[in-house]
Amino acid sequence: MSAVLPALPSTRIKTRQLALLAHLDRERSVLRAAEAVGISQPAASKLLRELEEFLGVALFERHARGVEPTAYGEILVRHAHSVLSEMRRAQEEVDALKQGRLYRVSIGTVMSPCTDLVPMAISMLEQRHPQMIVSVQMDYSRTLVAKLLEGQLDIVIGRILDPDDAAGLDFEALAEEPHSLIARPQHPLAKQRRLGIEDLVEHTWIFPPAASIVRERLNAMFLQRGLSLPQKIVETSSLPMTTNLLRRTDMLVALPQEVVRPYCDAGMLRVLPIDLGVRMDSFGIIMRRGHGLSRGAAETLAVLREAAAVVYAAPAAGGRKPKPR
């Protein structure tokens, strides 16, 4: 007997209204949002007014500088982004299938899994599904999770940092990520047998951007010992930039050792003898809760779990292979 599908909720929300909401969120201007959707400003105002009347709440606050979403508007905007992204991705999957490419997947990852887990998983996918198109984005967890919630990514390997996001996400922990002090072998501190945090203040550091969790924990490392923060710093989140700076200068950086292991094995960089005490929360596989995976995403999740069992020497996370939608 075939399963009974749940009845669709009755709604009068139109696709154009969802598009308008998404552009209002980006532009914060009714005029610019209307231009992006391809309608007049009065027509945009009418669409927004009809939607607010239907829902019985104000979605945007109007002021001299433009518009800002209310708490209700933020909810609608988030789901508008997700719905529109899903529609785009559905069209991409149909186009790919028409062209003979059966699978497509978009992955987001923080830095550490990029060095081993993700390349191994992609290698396994290439062997099993050579026609699969795999897109990989590397960024910080907050950015990646936001894209996941908007439907721009299928799977993220990272951390859930905002409690408000946790209710809509599933998390499979993979590994912790302790940070080591990295420098070139010729660095003056490399000659010392023992180092203290106080020895690091006067040197030039490569720091991630100020908004990152790693930056906060590095700052705390100094401040909790009554030390001032390093004054000579370079800010970048680019690993190629970081490794090239380290090889050419006497700068310091805190990174997971696995990220720079090939450079250390080649004698170009080394781990200095100090425990920074800087550890990140466990990263893992993150997916939208209750959201059906495409066939490509389901295959990718399976190989990520297989690769994790090898890379992190632990039983594969999760359990049953999810049903593709």
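Any read-out appearing in this document is the output of simple, stated calculations on the displayed coordinates, not a laboratory observation. Predicted, not measured: the structure shown is a model, and the values here were computed from it. FYI the Cβ positions are ideal-geometry reconstructions off the backbone, even for glycines, and counts take in every protein chain you see.
Some notes on this structure:
- Rg followed by Dmax, in Å, when segment 177-279 is reduced to its Cα trace: 12.5, 37
- Over segment 15-78, the Kirkwood radius and the radius of gyration, each from Cα atoms, give a ratio Rg/Rh of 0.91.
- Calculated [222 nm] ellipticity per residue, helices only, for the chain: -12500 deg cm²/dmol; basis is -39500 (n - 2.57) per DSSP H run with n ≥ 4, divided by all residues, nearest 500.
- Protection proxy ranking, peptides 263-271, 294-302, average beta carbon neighbours within 10 Å, highest first: 294-302, 263-271
- A simple packing score, the average count of other Cβ atoms within 10 Å per residue, orders the peptides 273-280, 78-85 as 78-85, 273-280, with the highest score first.
- With respect to the chain, whose longest principal axis is taken over its alpha-carbon atoms, helix 239-248 is tilted by about 20°.
- Using the Cβ-Cβ distance between Glu306 and Leu189 with R0 set to 51 Å, the FRET efficiency from 1/(1 + (r/R0)^6) comes to roughly 0.80.
- Estimated distance in nm for a label pair at Arg289 and Ala43, the labels positioned 7 Å out from Cα along Cα-to-Cβ: 4.0
- Order of Ile213, Ile206, Ile182 under a 10 Å beta carbon neighbour criterion, fewest first: Ile213, Ile206, Ile182
- Length released on extending from His79 to Lys98, taking residue separation times 0.36 nm less the Cα-Cα span: 4.0 nm
- Look at Thr204, Thr243, Thr109 and count the other Cβ atoms within 10 Å of each Cβ; fewest to most, that gives Thr204, Thr243, Thr109.
- Panel order for Asp95, Asp164, by other beta carbons found within 10 Å of each beta carbon, from fewest to most: Asp164, Asp95.
- Dividing the C-alpha radius of gyration of the chain by 2.2 N^0.38 Å, with N its residue count, gives 1.20.
- Sequence-separation-based contact order of the chain, relative, with Cα cut under 8 Å and 6+ spacing, percent: 19
- Folded to 0 to 90 degrees: helix 295-311 orientation relative to the chain principal axis, Cα: 20
- Rounded to the nearest 10 degrees, the inclination of helix 71-98 to the longest alpha-carbon principal axis of the chain is 90 degrees.
- Pairwise FRET efficiency - Glu35 versus Ile133, Cβ, R0 = 22 Å, nearest 0.05: 0.10
- The modelled label-to-label distance between Ile197 and Ala64, using points 7 Å beyond Cα along the C-beta direction, is 4.7 nm.
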